Structures are given as C-alpha cells and as structure tokens.
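**Student:** First, the structure itself, so that you have it in front of you.
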C-alpha cells in the first residue's frame with residue numbers, strides 16, 4: 001500500500017480541483033515513496049503550499065510519513081485503519097465484516113484507498129463498509145491497480161467495477177484518471193503521463209492504475225446494491241465520465 005512519488009502530483013490536483021478537506025482516513029497506513037527533499041521539490045514544482053511547517057515534517061525509513069503527507073495537503077486529522085496494528089494503524093477493523101461498528105459510521109470526510117481493496121477477499125462487504133465509514137457527502141479517493149498485477153492481491157479489477165458499483169448505489173463519480181505506472185526504481189521521473197481509454201479497452205493495455213474520486217450520497221445508508229456490468233447493458237450509468245489529465249515532461 002503506497003503512494004509512489006509520481007502519483008503525488010495527482011493527489012495535489014485532486015485536492016485542488018475537488019476541494020478535498022476535513023478528516024481523512026487511510027485504508028492501511030500508506031507508504032509515501034518520497035523523501036522530505038523529494039516531497040519538497042514536488043510541492044515547489046506544483047506551486048502547492050504545505051499546510052504544515054516544513055520543519056515539522058516527519059520521516060520514517062527515509063520517506064515522509066503518511067501523516068506528514070496528508071497533513072501537508074491540508075487534512076487536519078489523519079487516521080489509518082487496517083486488519084492489525086502491525087504497521088501502525090490506529091484503528092483495527094476487518095473490511096470483510098458484514099456490519100460496521102457504530103464508532104466507525106460517519107468517521108471521516110475523505111476515505112483514501114491506495115492499493116488496499118484488492119487485498120480484501122469479500123469486496124462487496126468492503127465497499128459497503130467504506131460507504132458507512134464516510135460522512136454523508138464525503139469523498140472516496142481510490143488509487144489502485146487495474147491490469148497485469150498477477151498475485152499482487154486477490155483480484156485484478158476492471159474499471160467498470162468502480163463505475164458500475166458507485167453508479168448503482170447513487171454516488172457521483174467526479175473524476176477518473178488512468179495512470180501508467182513507472183518502475184519503482186524511478187521515484188521521481190521528469191514527467192507524468194496519463195492516458196484516456198474507454199472502459200472496454202482497459203484489458204488490452206499494460207500496467208495501469210486508476211485514480212478515482214467519488215462523492216458519497218447514501219440517503220439513510222441503505223444496503224448496497226449489486227451492479228450489472230456496463231458492457232452488458234445498452235448504455236453506461238448516467239453521471240459517470242472519464243477525463244484526461246496530461247502533464248508535460
């Protein structure tokens with residue numbers, strides 16, 4: 001679970017474009033693959049002012065901590081949740097569970113998943129728990145692998161899963177960006193490229209991740225509905241869109 005350095009600008013864009021703020025909960029305590037110096041250079045390049053004094057930035061094993069990262073992006077309260085506390089999560093909960101404990105319902109304004117849900121066996125339960133954990137009107141921000149990640153987790157997702165599940169459950173899909181991932185031995189490449197492809201072509205490309213931003217609208221927190229894949233219907237769900245973001249090298 002982690003945020004590679006080349007994905008940091010996409011998170012800065014997301015915060016600015018969608019006004020993300022308030023309390024943030026990570027699924028799994030994320031690794032941010034950037035040193036203090038790399039993070040500072042990226043912020044300077046992007047013209048993004050840190051919300052934390054740079055002297056207060058914390059590192060762990062040579063990388064900025066996720067609390068520092070999200071705090072610098074403007075989230076005053078940053079928590080993490082995992083199936084155990086081995087990696088330092090404050091909240092221990094199994095997303096496979098069929099119900100959400102009362103103390104977790106409406107816990108955060110922004111829920112961030114950075115390569116977590118493909119490791120949860122019961123995905124329908126996990127998605128429903130994510131919806132419960134968000135406050136009404138909160139934002140679900142997902143970055144995760146799509147194709148060609150054999151044995152990375154239990155599943156390799158198609159983009160249609162995200163579009164169709166959120167659409168049938170009444171969410172607003174604000175943005176989706178496909179990201180071609182670099183090698184981890186290039187933590188700070190000179191440019192970042194993003195490709196637009198319709199959902200029915202995603203199975204024919206190389207290693208891709210997706211940044212997806214959805215806005216919650218669960219009146220009464222009704223039970224989650226199961227979707228029908230878009231390609232099996234005459235039209236795609238209303239309100240979904242793909243958008244292109246391209247960054248010059």
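Any read-out appearing in this document is the output of simple, stated calculations on the displayed coordinates, not a laboratory observation. Keep in mind the model is a prediction, meaning the values are calculated, not measured. Here the Cβ positions follow ideal geometry from the backbone for every residue, glycine too, while neighbour counts run over all protein chains shown.
**Student:** Note down the nm distance, to one decimal, between modelled labels 7 Å out along Cα→Cβ at residue 225 and at residue 155.
**Tutor:** For residue 225 paired with residue 155, the spin-label model returns 1.9 nm.
**Student:** Taking a spot 7 Å from the Cα of residue 77 along the direction of its beta carbon, which residues of the stretch 9-33 have an amide N less than 20 Å from it?
**Tutor:** The answer is 19-30.
**Student:** What fraction of the Cα pairs in the stretch 51-152, stated in percent, has a spacing above 19 angstrom? All intermediate terms of the calculation are to be shown ahead of the outcome.
**Tutor:** Values: 2588 of 5151 pairs.
That tail contains 50 percent of the Cα-Cα pairs.
**Student:** Classify the stretch 79-134: rounded, prolate or oblate, from the alpha-carbon gyration tensor (a ≥ b ≥ c, eigenvalue square roots; a/c under 1.5 rounded; otherwise prolate if a/b is larger than b/c)? Kindly include the intermediate steps, with their values, before the conclusion.
**Tutor:** On the way: a/c = 1.31, a/b = 1.03, b/c = 1.27.
Cα axes put the stretch 79-134 in the rounded bin.
**Student:** Determine the gain in length on full extension of the stretch residue 98-residue 85; use 0.36 nm per residue of separation and subtract their C-alpha separation, reporting nm with one decimal. Mind dumping the intermediate values first?
**Tutor:** On the way: separation 13, 0.36 × 13 = 4.68 nm, distance 2.08 nm.
Fully extending the segment from residue 98 to residue 85 adds 2.6 nm.
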